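All remarks here apply to the structure that follows.
The values are calculated or read from the model by the stated rules, or taken from the named source; none is laboratory data. Computed from a prediction, not measured in an experiment: that's the story for all the values here. Cβ placement follows ideal geometry from the backbone for every residue including glycine, while neighbour counts extend to all protein chains displayed. Quick note on the areas: whole protein, heavy atoms, side chains included, nothing else; ligands and nucleic acids left out. Shrake-Rupley method; radii C 1.70, N 1.55, O 1.52, S 1.80 Å.
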Amino acid sequence: MHNSSDTEQLWPAVSGTPVEHAILACLGELDALAAEYLAEVRQLSGYPASAITDEEIVDTATASLELLLRLIGDLPVTQDLRIVSTETGRKRARQGIPIDSLLRAVRMDFRLIWRALRRHVPPESLVQFAEQVVPIWDAVEVHTTDIHAGYLAELAVMEREAEHERAFLLRRLFAAEEHDPRLVGQVAEALRVDPRSRFLVAVSAADRHAELRRAAAAHGLDEQLHDIEGSSLILLECEPGQDAAPPWLLKLPVGISPRADGLAGVSRMWRTARRLAAAVPENHEGAYSVRENWDAVAAASLGEFGRVLERSVLGPLDSCPPREAALLRETVAAVLREGTVSRAAQALYCHRNTVLNRLGRFKEVTGVDPLHPGDASIVRIALAVTAAGAGAGSSSSSGSVVGVSASAAAREPNASRGAVSAGAR
């Protein structure tokens, strides 16, 4: 309880002006003023009793009013009172009080203090009292600013905590050996998604995390961005009927998974996207997808066997002059990438017969026919192994040797590309 006798012991005697006497009187009525404040603040929206009790509102109001009266009267302020404003902002953030409601409640202090002081000022001193408008308003504004700062600081802390929780739950989901409905439900709640939705997972290439983060921020997707096991990933909940990744994502150096049917399937797609991201060459621009870049992932997985396969298939080209060998490799890669001899000729800016002659020469030298389905897959893997070993620093589309070229992508509709459009190459 606060009363005038307590006030006289805690504060030094004031000089005796009417306003100073009014401040001293109000300091002795803090309990009554806090009760008056409670009655008014309960009329505001955003202050439900379920979020904050009457007792807490009264306690906070008592401390806040004491702080403001001390500031107005230029009286000593204890360390506990100095942190009241910031701590109030932090508490209200945790309690989920909307910032607009909080600031309206705080600014009610001005009206309450003005009325309280006015009650103790004699009529003949009202002119002098009117001059206190600015000091009272300044004190309330300082209090309001500090509360706002505390509120925003706590929101930042809460967001970091929420991100840590989301990352923790995602790690558990990715590591789970079996489908755990309870874990899936926890992840869905933390991410605020429908666990039955379809999802795309995109993982940034090594040392290219910043590009994904900037793009996610630019598209308002910060909450969908997560840092897991040294990689940045974005988990996108697909809209109904959405068959392709968004165009902005296809321009980034990321591995993009096919769609996961439900949150429970995200774990496999995360591992898939990671393997694709690991195959993205340094300085490459554009996404890697399963349909377009499986060869790069397969080549990286074969290890020593892949290098043996490469030498077995492509080694005979070493007998050709270097320029001829390079042309034969480029032509075969174009045919495998474009799908037809005619399209390969367009991509290479040469005649169709030139492409056929080079294919014949490739078959003559290596003994394998790129136009034969069985041989084509072997050649594709061999070329991917070459690219993985020699083209790691290249930014061209040959990072995945038979990735879809820009010209081919422009000619083929996205609907034929499955979950990820032709831009992922």
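Which one is farthest from L309 (Cα to Cα) among residues in region 333-376 that are over 49 Å from the mean Cα position of the chain (by Cα), polar (S, T, N, Q) and open to solvent by less than 60 Å² (accessible area, probe 1.4 Å)? Step by step, filter region 333-376, then rank; the result is T354. Considering region 44-84, and only residues there that are assigned to a loop (DSSP other than H, G, I, E, B) and β-branched (V, I, T), the residue that is least open to solvent (accessible area, probe 1.4 Å) turns out to be I52.
Residue-level check: of (1) out of contact with any Asp or Glu (no Cβ under 9 Å at 6 or more places or on another chain); (2) open to solvent by less than 70 Å² (accessible area, probe 1.4 Å), V313 misses just (1). Inside region 24-34, can you point out the residues that are of a type in the set (A, V, I, L, M, F, W, C) and surrounded by fewer than 16 Cβ atoms within 10 Å (Cβ to Cβ)? Of everything in region 24-34, just one residue is of a type in the set (A, V, I, L, M, F, W, C) and surrounded by fewer than 16 Cβ atoms within 10 Å (Cβ to Cβ), namely A32. Looking only at region 96-151, count every residue that is of a type in the set (D, E) and surrounded by 16 or more Cβ atoms within 10 Å (Cβ to Cβ) and tell me the total. Residues that pass the stated criteria total 2.
Pairing residues of region 114-133 that are more than 11 Å from H21 (Cα to Cα) with residues that are at pLDDT 80 or above and open to solvent by less than 70 Å² (accessible area, probe 1.4 Å), at Cβ distances under 6 Å and at least 6 apart in sequence or on separate chains, gives A116/C26; A116/L33; S125/P18; F129/V19; F129/V121; Q132/V19. The helices (runs of 4 or more DSSP H) falling completely within region 85-180 that include 2 or more residues that are modelled with pLDDT of 85 or more map to 99-119, 133-175.
Kindly check whether there is at least one residue in region 243-251 that is in a strand (DSSP E or B) and either farther than 19 Å from L169 by Cβ or of a type outside the set (F, W, Y) (or both). No, the conditions are met nowhere in region 243-251. Screening V203 with (1) in contact with a Leu (Cβ under 7 Å, 6 or more places away or on another chain); (2) farther than 16 Å from A260 by Cα gives one miss only, at (2).
The residues of region 85-95 that are open to solvent by 10 Å² or more (accessible area, probe 1.4 Å), in contact with an Asp or Glu (Cβ under 7 Å, 6 or more places away or on another chain) and not basic (K, R) amount to a single one, T86. Per the conditions (1) part of a loop (DSSP other than H, G, I, E, B); (2) open to solvent by 20 Å² or more (accessible area, probe 1.4 Å); (3) modelled with pLDDT under 90, the sole criterion not satisfied by A298 is (1).
Screening N414 against (1) modelled with pLDDT under 90; (2) open to solvent by less than 40 Å² (accessible area, probe 1.4 Å) leaves a single unmet condition, (2). Can you confirm whether E189 is free of Cβ contacts under 8 Å to residues at least 40 places away in the same chain, surrounded by 12 or more Cβ atoms within 10 Å (Cβ to Cβ), within 25 Å of the chain's Cα centre (by Cα) and farther than 23 Å from E29 by Cα? Considered against the rule, which asks whether it is free of Cβ contacts under 8 Å to residues at least 40 places away in the same chain, surrounded by 12 or more Cβ atoms within 10 Å (Cβ to Cβ), within 25 Å of the chain's Cα centre (by Cα) and farther than 23 Å from E29 by Cα, E189 comes out as no.
Just one of the listed residues (L212, L173, L233, L155) is among the aliphatic types (A, V, I, L, M) and open to solvent by 40 Å² or more (accessible area, probe 1.4 Å), and it is L155. Could you grab the pairs with beta carbons closer than 7 Å, sequence gap of 6+ or different chains, first residue in region 137-152 and within 18 Å of L117 (Cβ to Cβ), second one loosely packed, with under 14 Cβ neighbours inside 10 Å? Note: no pairs meet the criteria.
The lone criterion from (1) farther than 30 Å from S197 by Cβ; (2) of a type in the set (S, T, N, Q); (3) open to solvent by 10 Å² or more (accessible area, probe 1.4 Å) left unmet by Q242 is number (1).
All of (1) over 32 Å from the mean Cα position of the chain (by Cα); (2) over 15 Å from C26 (Cβ atoms) hold for H120 with one exception: (2). Set side by side, the residues V254, V280 differ, and just one is open to solvent by less than 50 Å² (accessible area, probe 1.4 Å) and in contact with a Phe, Trp or Tyr (Cβ under 7 Å, 6 or more places away or on another chain), which is V280.
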